[in-house]
Amino acid sequence: MIKWAECREGDVLFEVFLPEHDRESSCCLLRAICHGQIVQERQIRLTWPPRFGPDMGDVAAIEAELEALSQEIAQHPMPMARTGSYAPGSVESVPQDPVVHALLYSLIEAYVEAESMLSITPEQTVAYLELPTGVTAKGLYPIAVIQRREHRMRRMIAMANLIESEPSVHVRETDLIDAALRNDVAEIRNILGACGIEAPRRPAGWSEDPSATPKEGMP
């Protein structure tokens with residue numbers, strides 16, 4: 001599941017999780033946390049699979065259940081100090097824009113084709129894209145193509161296109177795929193360089209990860 005939203009009331013943090021794949025149950029998980037402890041969880045059956053996010057009716061149901069959960073928790077004593085080890089993650093979502101969703105849907109399809117061409121196993125994809133155990137790339141919801149997944153999917157699609165179009169890299173195909181699955185950008189550059197292909201480099205101080213910010217002093 002993917003963390004879609006959160007809100008806080010006093011010391012209590014409420015988290016909302018949505019399924020991210022067709023193989024997951026079409027339920028929303030609500031979780032209440034206080035001082036590192038999970039104090040309450042509830043599941044809500046969704047009317048529609050949230051491929052592009054929950055529809056308006058499901059959003060209303062989530063809001064109503066959150067209100068009921070908040071009122072229930074307010075009637076019980078909460079932990080007074082941090083006694084638990086639960087560490088809430090950040091909200092991960094894509095822009096609520098139909099054009100973005102359509103592009104991400106196409107990206108998933110392109111990744112599935114690249115996965116097949118490169119003989120990447122479902123288990124390798126699960127590790128590479130940080131997916132729930134037992135799922136595949138096919139069936140992933142566009143709402144779950146968060147930035148780090150999008151970046152990795154585009155990289156693997158680029159690898160497939162390169163291997164298909166450049167005979168010089170065929171001899172190092174296995175090494176190149178292994179490096180991509182490890183997100184080892186330096187090794188990818190080394191392999192391409194040995195094949196006579198110079199990959200463009202980012203300006204000094206910039207990360208290979210598009211979600212990262214440049215170092216201080218960089219534009």
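The values are calculated or read from the model by the stated rules, or taken from the named source; none is laboratory data. Keep in mind that this is a model prediction, so the values were computed, not measured. Don't worry about glycine lacking a Cβ; one is built from the backbone with ideal geometry, like all the others, and counts go over all protein chains shown. Remember, those area values only see protein heavy atoms, side chains included, never the ligands or the DNA or RNA. Shrake-Rupley method; radii C 1.70, N 1.55, O 1.52, S 1.80 Å.
A few remarks follow.
- Flag if Ile2 is within 30 Å of Leu129 (Cα to Cα) and hydrophobic (A, V, I, L, M, F, W, C): yes
- Exactly one residue out of Ala81, Ala61, Ala114 is part of a helix (DSSP H, G or I), open to solvent by 30 Å² or more (accessible area, probe 1.4 Å) and at negative phi: that is Ala61.
- Index of the failed condition, Ser90 passing every other in (1) under 26 Å from Thr133 (Cβ atoms); (2) touching a residue at least 40 places away in the same chain (Cβ under 8 Å); (3) open to solvent by less than 50 Å² (accessible area, probe 1.4 Å): (3)
- Some residue of the range 130-141 being of a type outside the set (Asp, Glu), out of contact with any strand residue (DSSP E or B) (no Cβ under 6 Å at 6 or more places or on another chain) and part of a helix (DSSP H, G or I): no
- Among the residues making up the range 39-58, those that are open to solvent by 80 Å² or more (accessible area, probe 1.4 Å) and not acidic (Asp, Glu) are Gln43, Arg45, Thr47, Trp48, Arg51, Phe52, Met56.
- Subset of the range 17-53 (residues that are touching a residue at least 24 places away in the same chain (Cβ under 8 Å), in contact with a Lys or Arg (Cβ under 7 Å, 6 or more places away or on another chain) and hydrophobic (A, V, I, L, M, F, W, C)): Leu30, Ile38
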